[in-house]
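**Q** Quick one: structure below, then a few questions.
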Amino acid sequence: MSADKSTSWSYAEDLPAEDDVLLRARERSFELGVKPISPGVGAVLTVLAAASKAQTVVEVGSGAGVSGVCLLRGLGPQAVLTTIDVDVEHLKAAREAFLESGSPANRTRTISGRAADVLPRLTDSAYDLVFIDADKPNFPRYVEQAIRLLKSGGTLVINDALDKDRVSNPAARDSTTVVLRQVGKSIRDDDRLASAMLPTGDGLLVAVKK
């Protein structure tokens, strides 16, 4: 990356202004050892949620509430966010963040459990947006479930899709990088989807179900 590109990326990442609710959510995430989404990713999530006019959203991996608050801020007053996380403490932190954000309790649903077990129980073609930010070895399984869950015109968003710039390096062959590289190619080649890779954060892969 050129110096100018690096500076522009940093500028874009730092441009969103986060309020006390998000800053406290970040503090809780750090205390729990959770890596939250970047401010740039948070801003994109808010915009995507608003632009898509999503009413039903699934979040795989709570991020201790940071990403959920960003999604909720883009959603309409009747929209519902379902957050799945295997760690009850992470979900507790997410619920605290949602409460502090002023979101009514009936707009959020938190489910404790492995996403691989929970996602198959959700209804086909019932969701407008699915955000995946969880254990990367299971991304292929989550992506296939997400495509099943999405309505036509629904949006799939995958965080950390560039794996700290390793995905673009053919010499990087560790297991996580290989999985993410395969996920990117499979989504690109999937006739059911139209997709784009955004350099925001550590890579944000966005796709729309046709």
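**Q** Hey, Leu149 hits all of (1) surrounded by fewer than 13 Cβ atoms within 10 Å (Cβ to Cβ); (2) touching a residue at least 24 places away in the same chain (Cβ under 8 Å); (3) under 19 Å from Val60 (Cα atoms) but one; which does it fall short on?
**A** The single condition Leu149 does not satisfy is (1).
**Q** Shifting gears a bit: Among the residues of the stretch 112-120, is any under 21 Å from Ile37 (Cα atoms), open to solvent by 30 Å² or more (accessible area, probe 1.4 Å), touching a residue at least 12 places away in the same chain (Cβ under 8 Å) and hydrophobic (A, V, I, L, M, F, W, C)?
**A** no
Matching residues to (1) of a type in the set (Phe, Trp, Tyr); (2) in contact (Cβ under 8 Å) with a residue 24 or more places away in the chain:
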residue: Ser10; (1), (2): no, no
residue: Glu13; (1), (2): no, yes
residue: Ala17; (1), (2): no, no
residue: Phe30; (1), (2): yes, no
residue: Val44; (1), (2): no, yes
residue: Ala50; (1), (2): no, yes
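**Q** A further question follows. Which of the numbered conditions does Val178 fail, given that it passes all the others? Conditions: (1) free of Cβ contacts under 8 Å to residues at least 60 places away in the same chain; (2) assigned to a strand (DSSP E or B).
**A** (2)
**Q** Any chance the stretch 87-100 includes a residue that's touching a strand residue (DSSP E or B) at 6+ places or on another chain (Cβ under 7 Å), more than 20 Å from Val206 (Cα to Cα), among the β-branched types (Val, Ile, Thr) and open to solvent by 60 Å² or more (accessible area, probe 1.4 Å)?
**A** Just the residues of the stretch 87-100 that are touching a strand residue (DSSP E or B) at 6+ places or on another chain (Cβ under 7 Å), to begin with: 88, 91, 94-95, 98.
After this cut, where a residue has to be more than 20 Å from Val206 (Cα to Cα) as well, the list is 88, 91, 94-95, 98.
Filter once more, so that each one left must be among the β-branched types (Val, Ile, Thr): 88.
Filter once more, keeping what is open to solvent by 60 Å² or more (accessible area, probe 1.4 Å): 88.
So far as the stretch 87-100 goes, yes, one or more of its residues are touching a strand residue (DSSP E or B) at 6+ places or on another chain (Cβ under 7 Å), more than 20 Å from Val206 (Cα to Cα), among the β-branched types (Val, Ile, Thr) and open to solvent by 60 Å² or more (accessible area, probe 1.4 Å).
**Q** Condition first: out of contact with any strand residue (DSSP E or B) (no Cβ under 7 Å at 6 or more places or on another chain), at pLDDT 95 or above, surrounded by 15 or more Cβ atoms within 10 Å (Cβ to Cβ) and of a type in the set (A, V, I, L, M, F, W, C). Can you find one or more residues in the stretch 12-22 that meet it?
**A** Taking every residue of the stretch 12-22 in turn, at least one turns out to be out of contact with any strand residue (DSSP E or B) (no Cβ under 7 Å at 6 or more places or on another chain), at pLDDT 95 or above, surrounded by 15 or more Cβ atoms within 10 Å (Cβ to Cβ) and of a type in the set (A, V, I, L, M, F, W, C).
**Q** Being over 15 Å from Thr83 (Cα atoms), in contact (Cβ under 8 Å) with a residue 24 or more places away in the chain, of a type in the set (Phe, Trp, Tyr) and open to solvent by less than 60 Å² (accessible area, probe 1.4 Å) is true for just one of Phe139, Phe131. Which residue is that? Step through it out loud before you land on a result.
**A** On the way: Phe131 fails: over 15 Å from Thr83 (Cα atoms).
Checking each option against the conditions leaves just Phe139.
**Q** Given the conditions (1) open to solvent by 10 Å² or more (accessible area, probe 1.4 Å); (2) over 17 Å from Thr200 (Cβ atoms); (3) at pLDDT 95 or above, report the number of the one that Pro170 does not fulfil.
**A** (3)
**Q** For the stretch 64-156, which fully contained helices (runs of 4 or more DSSP H) count at least 2 residues that are within 16 Å of the chain's Cα centre (by Cα) and β-branched (Val, Ile, Thr)?
**A** Of the helices (runs of 4 or more DSSP H) lying wholly inside the stretch 64-156, those with at least 2 residues that are within 16 Å of the chain's Cα centre (by Cα) and β-branched (Val, Ile, Thr) span 66-74, 139-149.
**Q** I would also like to ask the following. Given the conditions (1) under 16 Å from Thr110 (Cβ atoms); (2) in a helix (DSSP H, G or I), and given that Gly42 satisfies all but one, which numbered condition is not satisfied?
**A** (1)
**Q** Given the conditions (1) touching a Ser or Thr at 6+ places or on another chain (Cβ under 9 Å); (2) part of a helix (DSSP H, G or I); (3) modelled with pLDDT of 95 or more; (4) within 17 Å of Asn159 (Cβ to Cβ), which single one is not true for Trp9?
**A** The one condition Trp9 does not meet is (3).
**Q** To continue, here is another question. Among the numbered conditions (1) open to solvent by 30 Å² or more (accessible area, probe 1.4 Å); (2) closer than 24 Å to Val47 by Cβ, tell me where Leu205 comes up short.
**A** Evaluating Leu205 over (1) open to solvent by 30 Å² or more (accessible area, probe 1.4 Å); (2) closer than 24 Å to Val47 by Cβ leaves (1) as the failure.
The values are calculated or read from the model by the stated rules, or taken from the named source; none is laboratory data. The model shown is predicted, which means the values in this text are computed figures rather than measured ones. All Cβ positions, even for glycine, are placed from backbone atoms using ideal geometry, and neighbour counts span all protein chains on display. Just so you know, the surface numbers come from the protein's heavy atoms only, side chains and all, with ligands and any DNA or RNA stripped out. Shrake-Rupley method; radii C 1.70, N 1.55, O 1.52, S 1.80 Å.
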